[in-house]
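One structure is given below, encoded as structure tokens.
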Protein chains: 2
Amino acid sequence: MDKKILKLYLVLDPDLCGGFDGMIQTAKDAAQAGATVVQLRAPDWKKRRLAACGRELLKVLRPLGVPLIVNDHVDVAVAIGADGVHVGQDDLSPEDCRRQMPEGMILGLSVSNLEEVRNVDPALVDYVGIGPIHNTSTKPDAAPAIGFDGLRAIVSTSPCPSVAIGGIKTRDIPEVLASGTDGIAVVSAICGQPDPSVATRNLLALLV
Amino acid sequence: MDKKILKLYLVLDPDLCGGFDGMIQTAKDAAQAGATVVQLRAPDWKKRRLAACGRELLKVLRPLGVPLIVNDHVDVAVAIGADGVHVGQDDLSPEDCRRQMPEGMILGLSVSNLEEVRNVDPALVDYVGIGPIHNTSTKPDAAPAIGFDGLRAIVSTSPCPSVAIGGIKTRDIPEVLASGTDGIAVVSAICGQPDPSVATRNLLALLV
């Protein structure tokens, strides 16, 4: 995996985007404006709908060269031929995921403390998502906020590329980048913004 | 798939069984008493726990020759080497499931009306679960009850073996069998019963 794709990582939220069609439009706008990777995350959806949405996203993202990552569900990712899967500590283990993923498919793993990042096997995991930096309303079951100190400690321990996530605002970007992480992942900084294209460009302008 | 495995199909319920350990014990008791197949179904659980429970169930069921089917999640079934997967109409399509399942793994599909059973491709689907016969509290999002008339109509249209499900009680068994279905699937008729072994044997005595 080229770690440059982690620079501006958009995680779609069905509620903030206004449902299925809104997710496609937000992904398209953000990818055209320079978002470097898109994650399909809709924890309340059944898999038939997730797969349908993922296939529509691939139609939009493939021509733009922007990879699509599916949250949690290896079976959905494999079914639609997505570029990757992102799992949490309570999902299938990286070993269990990798065994059924085609060669070259990206695997991301959420980590929220030093113990979790020390357990990461870079032969299995392509990148880690580190967070939450701040507490965030878009993921009610997230771990406690780790702040910038926590981020720095985990980045410096990580055996693989990383992206910071969790309520990151424009004003946080300099301090997030100073941690040495490879990019930022955002939900509400793009999803549901009056103009997702402008929001994406504004974030990118700071990610230098 | 040998359709004899559908004769008495136990669907585990984590609440009725008393959680992870209770599910293992219930499955063991029922399988030793003659249940012919067991389904792991825990829609509120994360996949790490589902996989762990599935692996414990396999340790108990494999020596007894009783297959284990995983509800909804092809990725969990493939990860643990389960004997099969059961999906609903809103889960991954049979095509999407079959493409990533090892040769010989069982695929079951829920159907609740004639249109759904007419769409079943027996080259992909090994058996259909037909129901709910009665309304049932163990699956709040189930389709409306189809009754014995609905069961008969769907069984006679099905291109593959079938099992009836949904609030089936002991007194219903003669009428269920008269439909020509290959077996009954139960949740609360075994899970949470004072003695799951006795409950299993009582059901089997009527399934002749």
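Restricting B:Leu58, B:Leu92, B:Leu10 to those that are within 29 Å of B:Ile154 (Cβ to Cβ), aliphatic (A, V, I, L, M) and not in a loop (DSSP other than H, G, I, E, B) reduces the list to B:Leu10.
Of all residues in the range A:97-113, exactly one satisfies the criterion of being buried (at least 22 other Cβ atoms within 10 Å of the Cβ) and facing another protein chain (nearest Cβ under 9 Å), namely A:Cys97.
So which residues in the range A:72-95 are of a type in the set (Asp, Glu), within 14 Å of chain B (Cβ to nearest Cβ) and open to solvent by 10 Å² or more (accessible area, probe 1.4 Å)? Listed by number, the residues that qualify are A:Asp72, A:Asp90, A:Glu95. Considering only residues in the range B:152-175 that are among the basic types (Lys, Arg) and either within 19 Å of B:Leu203 (Cβ to Cβ) or in contact with a helix residue (DSSP H, G or I) (Cβ under 6 Å, 6 or more places away or on another chain) (or both), the one that is surrounded by the most Cβ atoms within 10 Å (Cβ to Cβ) turns out to be B:Lys169. Given the structure, is B:Gly19 closer than 29 Å to B:Leu204 by Cβ, open to solvent by 30 Å² or more (accessible area, probe 1.4 Å), modelled with pLDDT of 95 or more and away from chain A (no Cβ under 14 Å)? In short, no. For the range A:129-151, filtering for residues that are buried (at least 20 other Cβ atoms within 10 Å of the Cβ), more than 19 Å from A:Glu175 (Cβ to Cβ) and among the aliphatic types (A, V, I, L, M) leaves 0. Residues that are open to solvent by less than 10 Å² (accessible area, probe 1.4 Å) and either of a type in the set (Phe, Trp, Tyr) or in contact with a strand residue (DSSP E or B) (Cβ under 6 Å, 6 or more places away or on another chain) (or both) within the range A:22-38 comprise A:Ala27, A:Ala30, A:Ala35, A:Val37, A:Val38, listed in sequence order.
Counting the residues of the range B:61-71 that are within 14 Å of chain A (Cβ to nearest Cβ) and either in a helix (DSSP H, G or I) or surrounded by fewer than 23 Cβ atoms within 10 Å (Cβ to Cβ) (or both) gives 1.
Just one of the listed residues (A:Ile184, A:Ile190, A:Ile165, A:Ile173) is farther than 16 Å from A:Val111 by Cα, β-branched (Val, Ile, Thr) and in contact with a strand residue (DSSP E or B) (Cβ under 6 Å, 6 or more places away or on another chain), namely A:Ile190. When A:Val117 is tested against the conditions (1) more than 14 Å from chain B (Cβ to nearest Cβ); (2) touching an Asp or Glu at 6+ places or on another chain (Cβ under 6 Å), the lone failure is (2).
Just to be sure, is A:Arg48 touching a residue at least 12 places away in the same chain (Cβ under 8 Å), assigned to a helix (DSSP H, G or I) and either within 14 Å of chain B (Cβ to nearest Cβ) or touching a helix residue (DSSP H, G or I) at 6+ places or on another chain (Cβ under 7 Å) (or both)? It is false that A:Arg48 is touching a residue at least 12 places away in the same chain (Cβ under 8 Å), assigned to a helix (DSSP H, G or I) and either within 14 Å of chain B (Cβ to nearest Cβ) or touching a helix residue (DSSP H, G or I) at 6+ places or on another chain (Cβ under 7 Å) (or both).
The values are calculated or read from the model by the stated rules, or taken from the named source; none is laboratory data. Keep in mind that this is a model prediction, so the values were computed, not measured. Note: ideal-geometry Cβ built from the backbone for every residue, glycine included; neighbour counts use all protein chains shown. Heavy atoms of the whole protein, side chains included, go into the accessibility calculation; ligands, DNA and RNA do not. Shrake-Rupley method; radii C 1.70, N 1.55, O 1.52, S 1.80 Å.
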